[in-house]
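Read the structure below first, then the notes.
The values are calculated or read from the model by the stated rules, or taken from the named source; none is laboratory data. Because the structure is predicted, anything quoted here is derived from the model rather than measured. No Cβ is skipped: glycine too gets one built from the backbone with ideal geometry, and neighbour counts run over all protein chains shown.
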Amino acid sequence: MRRAPSLLLPLLLCACGGRPEPAPTPPTAPAEPVATVPEGPGTVADGTFHSDALGVDKHYVVYLPAGYEAAPDRRYPVIYMLNGLGGGETNWVAFGKLDQAANGLHLQAIVVMPDGDSSFYANSVTPAPALETCRQGQPTFAPAEEPETYCVATPRYEDYITQDLIAHVDHTYRTIASRDARGIGGLSMGGFGALELAMRHPDLYAAVASHSGVDALLYAGPHPYQPGQAQLADDVSQWGAQVEPIGAHVRAIFGPELANWQAHDPAYLAAQLHDGDLAIYLDCGTEDEFLLNDAAQYLHEVLTSHGIQHEWYLGPGHHDFAFWIDRIDDSLAFFASHLQER
């Protein structure tokens, strides 16, 4: 959190009879040093670590802020940024220009971009196929990714992000290893994952940002959105049938039980929050091809009805990197204003 300005305490005078003596002029205190922001760009690097939850090694990309190497005693807040369906750890830098946005903001935070596959960042109800079977096929949603990196032994992606990755990052980099200095964000599927994980684990994250996320997993209409008229699915057996094979993929992750879907749906989880539990940022384009702008407006309605303050943007844009590039400055600045800096 940004530290509030120091307040000057008033001098208390004792009346001991007669006219009080004027208070002595205190010596001039030396001015506090002004923290300087290091010049130059941050550094983008690759990393690999073993995830016990997935049973395989996973890759990630990390942004280290300007001055990281020159200040070996300094520690930094951490922002985790999640990829969308069919994406990977390189997307935020290669297509989203996150590093350029961070440099432009002089962001003094570590940004970690893990490989989330097409997992929806949940512990899947359906077991993964045998590694060798998986590696003989071509991933449906990651055509450019090698099966060796896409296939996992056990698809426990929630545990991978919230346990394995945090532990590795806090051990490997100079982080402020506390909830108040940790945020999570993402785009599309990654926006859903960020909201889901932050709301399910408010002890781990202080702030969350969703760009064009699946902000209300069970939102079924109307389209276009109408305030107070939301319809929520109560039968998940045909969820996503209009966008197969994505629908079947998601149904396999969350299974046939409605309660499990609700336990991961940000719109249901939001109703359990209290104002101040979590700093929340949401955005979506009004021309979103998957109509996620309607679900985003529903989550905005839920948060507002429960008195939960949040930052919210709905404006022109599609479900693409052109929209997300325009919005990444806002979410990074949002994190910078809500995460502990020291």
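Side notes on the structure shown:
- Flag if Arg327 is free of Cβ contacts under 8 Å to residues at least 40 places away in the same chain, in a helix (DSSP H, G or I) and buried (at least 16 other Cβ atoms within 10 Å of the Cβ): no
- Where Tyr281 falls short, out of the listed (1) surrounded by fewer than 22 Cβ atoms within 10 Å (Cβ to Cβ); (2) touching a residue at least 60 places away in the same chain (Cβ under 8 Å): (1)
- In the stretch 139-164, of all residues being in a helix (DSSP H, G or I) and at pLDDT below 95, the one that is nearest to Thr48 (Cα to Cα) corresponds to Thr149.
- If you filter the stretch 302-314 down to residues that are touching a helix residue (DSSP H, G or I) at 6+ places or on another chain (Cβ under 9 Å) and either in a helix (DSSP H, G or I) or not aliphatic (A, V, I, L, M) (or both), you find that the one that is surrounded by the fewest Cβ atoms within 10 Å (Cβ to Cβ) is Gln309.
- When the test is whether a residue is small (Gly, Ala, Ser) and free of Cβ contacts under 8 Å to residues at least 12 places away in the same chain, Ala130 passes it.
- Residue pairs whose Cβ atoms lie under 7 Å apart, sitting 6 or more positions apart in sequence or on different chains, and linking a residue in the stretch 156-175 that is farther than 25 Å from Asp73 by Cβ to a partner that is part of a helix (DSSP H, G or I) and at pLDDT below 95, do not occur here.
- Pairing residues of the stretch 40-64 that are without any contact (Cβ under 8 Å) to a residue 60 or more places away in the chain with residues that are part of a loop (DSSP other than H, G, I, E, B) and hydroxyl-bearing (Ser, Thr, Tyr), at Cβ distances under 9 Å and at least 6 apart in sequence or on separate chains, gives Thr43/Tyr68; Asp46/Thr90; Val61/Thr90.
- Unique match (being small (Gly, Ala, Ser), assigned to a helix (DSSP H, G or I), touching a helix residue (DSSP H, G or I) at 6+ places or on another chain (Cβ under 6 Å) and buried (at least 16 other Cβ atoms within 10 Å of the Cβ)) among Ala296, Ala267: Ala267
- Among the residues examined, Gly228 qualifies as at positive phi, out of contact with any strand residue (DSSP E or B) (no Cβ under 9 Å at 6 or more places or on another chain) and either at pLDDT 95 or above or of a type in the set (Asp, Glu) (or both).
Residue by residue, here is whether (1) touching a strand residue (DSSP E or B) at 6+ places or on another chain (Cβ under 9 Å); (2) in a strand (DSSP E or B) holds:
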{"residue": "Ala45", "(1), (2)": "yes, yes"}
{"residue": "Thr48", "(1), (2)": "yes, yes"}
{"residue": "Ala66", "(1), (2)": "yes, no"}
{"residue": "Pro72", "(1), (2)": "no, no"}
{"residue": "Gly88", "(1), (2)": "yes, no"}
{"residue": "Asp99", "(1), (2)": "yes, no"}
{"residue": "Gln108", "(1), (2)": "yes, no"}
{"residue": "Met113", "(1), (2)": "yes, yes"}
{"residue": "Ser118", "(1), (2)": "no, no"}
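- Unmet criterion (only one of (1) under 26 Å from Gln340 (Cα atoms); (2) of a type outside the set (Val, Ile, Thr); (3) modelled with pLDDT under 90) for Ala167: (3)
- Filtered residues of the stretch 68-108 (kept if of a type in the set (Gly, Ala, Ser) and buried (at least 24 other Cβ atoms within 10 Å of the Cβ)): Gly84, Gly87, Ala102
- Scan of the stretch 207-251 for residues that are in contact with a Phe, Trp or Tyr (Cβ under 9 Å, 6 or more places away or on another chain), closer than 26 Å to Ile325 by Cα and exposed (fewer than 15 other Cβ atoms within 10 Å of the Cβ), ordered by number: Val243
- Asp180 in a helix (DSSP H, G or I) and under 19 Å from Thr48 (Cβ atoms): no
- Within the stretch 83-107, residues that are farther than 18 Å from Lys58 by Cα have Cβ atoms under 9 Å from residues that are acidic (Asp, Glu) and modelled with pLDDT under 95 in these pairs: His106/Glu39, counting only partners at least 6 apart in sequence or on another chain.
- Test: residue in the stretch 125-138 that is buried (at least 17 other Cβ atoms within 10 Å of the Cβ) and either in contact with an Asp or Glu (Cβ under 9 Å, 6 or more places away or on another chain) or modelled with pLDDT of 95 or more (or both): no
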